[in-house]
1. Would you point out which residue out of Gly3, Gly8 is of a type in the set (Gly, Ala, Ser) and not in a helix (DSSP H, G or I)?
2. What residue, among those in region 1-16 that are of a type in the set (D, E, K, R) and open to solvent by 70 Å² or more (accessible area, probe 1.4 Å), is nearest to Arg49 (Cα to Cα)?
3. Output the number of residues of region 17-34 satisfying the condition of being within 17 Å of Arg49 (Cβ to Cβ), open to solvent by 50 Å² or more (accessible area, probe 1.4 Å) and either charged (D, E, K, R) or part of a helix (DSSP H, G or I) (or both).
Amino acid sequence: MEGLISLGWRQQDAQQAVAEACEDNDIPTPLATDDVPRVLRLALALMDRGR
């Protein structure tokens, strides 16, 4: 999530996007290290679509 915040997204928006990406893609939390890049890409895509 820090990567999203460093791109200028608000913490609350970044947290919501990460949670939604995990839920929508059946990714278990807490995240495994291998899942982090995928979740960040999915969350960024959600945020870029105006969520």
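1. Checking each option against the conditions leaves just Gly8.
2. Per the criteria, the residue is Arg10.
3. 3
The values are calculated or read from the model by the stated rules, or taken from the named source; none is laboratory data. Remember, predicted model here, so these are calculated numbers, not experimental data. All Cβ positions, even for glycine, are placed from backbone atoms using ideal geometry, and neighbour counts span all protein chains on display. All accessible areas refer to the heavy atoms of the entire protein, side chains included, with ligands and DNA or RNA removed. Shrake-Rupley method; radii C 1.70, N 1.55, O 1.52, S 1.80 Å.
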